[in-house]
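Have a look at the structure below before the remarks.
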Amino acid sequence: MIKIINEPYQLLFDVVEKLYGKIDAEIQFAPMEEGEGAGCTTFTDDNGTPLITVNASIPFIATIEIIAHEIAHVIAGIKNAHNEKWQKVFSDIHEHYNRAIEDDANENGLSVEQVELTTVQKC
């Protein structure tokens, strides 16, 4: 059986669910034009499921932070782009995810240094 022992995406999703309950969003990795950034969230006019797009050209290590950043947009809502509410949500995700990474590393017999590349950086 193949098993990823430090799966950062699922760990991030678990943290978000613990903090905010179940969140509806879809995530895709897709090429983005130069200058479009590393990720974006598209909200639908009919309050449907938001779509998070992560630039497929960025390094894997950066995708964790980008997804956390975009999930914060989904939770805070379209009218709260990078304001205090969004910053609080992102900070909470940041804090709890990085704590979970340390706990996960200890449970799997890894040093924090071995998994620190998958931590979320504070904006």
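Against the conditions (1) touching a residue at least 24 places away in the same chain (Cβ under 8 Å); (2) within 15 Å of the chain's Cα centre (by Cα), F60 satisfies every one except (1).
Residue check: H82 meets all listed conditions (1) on the phi < 0 side of the Ramachandran plot; (2) outside any helix (DSSP H, G or I); (3) surrounded by 12 or more Cβ atoms within 10 Å (Cβ to Cβ) but one, namely (1). All of I93, I71, I101 fail the test of being touching a strand residue (DSSP E or B) at 6+ places or on another chain (Cβ under 9 Å) and not aromatic (F, W, Y), apart from I71. Within segment 12-41, the residues that satisfy the criterion of being in a strand (DSSP E or B) and either crowded, with 16+ Cβ neighbours inside 10 Å or under 15 Å from the mean Cα position of the chain (by Cα) (or both) are E26, I27, Q28, F29, G39, C40, T41.
Bear in mind that the values in this text are calculations on the coordinates, not laboratory data. Everything quoted here is computed from the prediction, not taken from an experiment. With ideal geometry, Cβ positions are generated from the backbone for all residues, glycine too; neighbour counts draw on all protein chains shown.
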